Amino acid sequence: KQEVTQIPAALSVPEGENLVLNCSFTDSAIYNLQWFRQDPGKGLTSLLLIQSSQREQTSGRLNASLDKSSGRSTLYIAASQPGDSATYLCAVVGSSNTGKLIFGQGTTLQVKP
Amino acid sequence: DVKVTQSSRYLVKRTGEKVFLECVQDMDHENMFWYRQDPGLGLRLIYFSYDVKMKEKGDIPEGYSVSREKKERFSLILESASTNQTSMYLCASTDGAHQPQHFGDGTRLSIL
């Protein structure tokens with residue numbers, strides 16, 4: 001059974017710092033991995049999607065990498081800002097073709113001015 | 001941009017009531033999903049649908065049913081609401097396993 005783990009559960013950094021969020025998964029047979037952002041009381045916003053054949057994806061200050069063989073992904077945030085404060089979730093689509101997502105518990109990020 | 005709209009942001013119901021949560025997407029997506037999110041348990045899949053009138057159980061379907069009469073609309077039904085169904089409910093849609101999932105803003109449901 002696929003399990004997704006995110007460490008740390010919470011992270012506090014000063015503004016301007018570069019940071020890395022970690023995600024690991026137990027079964028390397030995935031279709032893709034998706035990173036989301038969730039603000040308090042809100043839904044999920046899709047940040048980046050990495051297909052199983054890709055190594056990384058970039059969007060603005062965000063860079064996500066995928067190492068399928070080791071079951072790991074990282075989300076790199078450059079030059080963090082207070083507006084980046086949110087919970088970041090990673091999720092994988094397993095071997096089924098239905099698109100069902102399996103989520104990690106998330107990392108809650110606080111960027112202090 | 002994909003738009004996934006959930007009919008209510010907040011809802012308060014009483015135990016034993018039949019509750020309907022509605023979700024509409026505007027991108028002609030094939031697949032739609034209902035998740036619930038609880039502190040300490042994360043997001044868990046309740047039901048999903050990969051075509052009109054087609055549905056499959058997720059990880060926690062007990063106490064729920066779904067309806068998909070039209071492609072753009074996916075409804076979650078609590079047959080007889082109970083207090084342990086108090087939660088944040090999130091709807092999502094996608095055009096296939098290789099495509100990103102897009103989420104609505106969520107419905108925070110309280111069962112009293």
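For segment A:69-108, filtering for residues that are small (Gly, Ala, Ser) and under 26 Å from residue B:32 (Cα atoms) leaves 9. Filtering segment A:37-74 to residues that are on the phi > 0 side of the Ramachandran plot and either touching a residue at least 60 places away in the same chain (Cβ under 8 Å) or surrounded by 15 or more Cβ atoms within 10 Å (Cβ to Cβ) (or both) leaves only A:71.
The rows are residues; the columns are (1) in contact with a Ser or Thr (Cβ under 6 Å, 6 or more places away or on another chain); (2) surrounded by 14 or more Cβ atoms within 10 Å (Cβ to Cβ); (3) at pLDDT 95 or above.
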position: B:40; (1), (2), (3): no, no, no
position: B:46; (1), (2), (3): no, yes, yes
position: B:55; (1), (2), (3): yes, yes, no
position: B:62; (1), (2), (3): no, no, yes
position: B:84; (1), (2), (3): no, no, yes
position: B:89; (1), (2), (3): yes, yes, yes
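Going through B:47, B:10 one at a time, which residue ends up being within 12 Å of chain A (Cβ to nearest Cβ), over 27 Å from residue A:31 (Cα atoms) and out of contact with any Cys (no Cβ under 9 Å at 6 or more places or on another chain)?
Values: B:47 fails: over 27 Å from residue A:31 (Cα atoms).
On inspection, the qualifying residue turns out to be B:10.
Checked against the criterion of being touching a residue at least 12 places away in the same chain (Cβ under 8 Å), surrounded by fewer than 20 Cβ atoms within 10 Å (Cβ to Cβ) and either assigned to a strand (DSSP E or B) or among the small types (Gly, Ala, Ser) (or both), segment A:98-105 contains not a single residue that satisfies it.
If we scan segment A:8-15, do we find a residue that is loosely packed, with under 15 Cβ neighbours inside 10 Å, more than 26 Å from residue B:89 (Cα to Cα) and out of contact with any strand residue (DSSP E or B) (no Cβ under 8 Å at 6 or more places or on another chain)? Let's see the steps before the verdict.
Within segment A:8-15, the first condition is being loosely packed, with under 15 Cβ neighbours inside 10 Å, and the residues that meet it are A:8-10, A:12, A:14-15.
From the residues that got through so far, the ones that are more than 26 Å from residue B:89 (Cα to Cα) too are A:12, A:14-15.
With out of contact with any strand residue (DSSP E or B) (no Cβ under 8 Å at 6 or more places or on another chain) added as a condition, the list becomes none.
No, every residue in segment A:8-15 fails to be loosely packed, with under 15 Cβ neighbours inside 10 Å, more than 26 Å from residue B:89 (Cα to Cα) and out of contact with any strand residue (DSSP E or B) (no Cβ under 8 Å at 6 or more places or on another chain).
Restricting attention to segment B:5-25, the residues being closer than 20 Å to residue B:47 by Cα and either hydroxyl-bearing (Ser, Thr, Tyr) or under 11 Å from the mean Cα position of the chain (by Cα) (or both) number 9. The criterion of at least 3 residues that are away from chain B (no Cβ under 14 Å) is met by the following strands (runs of 3 or more DSSP E) wholly inside segment A:30-89: A:62-67, A:72-77. Exactly one residue out of B:24, B:19 is touching a helix residue (DSSP H, G or I) at 6+ places or on another chain (Cβ under 9 Å), surrounded by 14 or more Cβ atoms within 10 Å (Cβ to Cβ) and at negative phi: that is B:19.
The values are calculated or read from the model by the stated rules, or taken from the named source; none is laboratory data. On a predicted model such as this, the values are computed, not experimentally measured, just so you know. Positions of Cβ are backbone-derived with ideal geometry, glycine not excepted, and every protein chain shown enters the neighbour counts.
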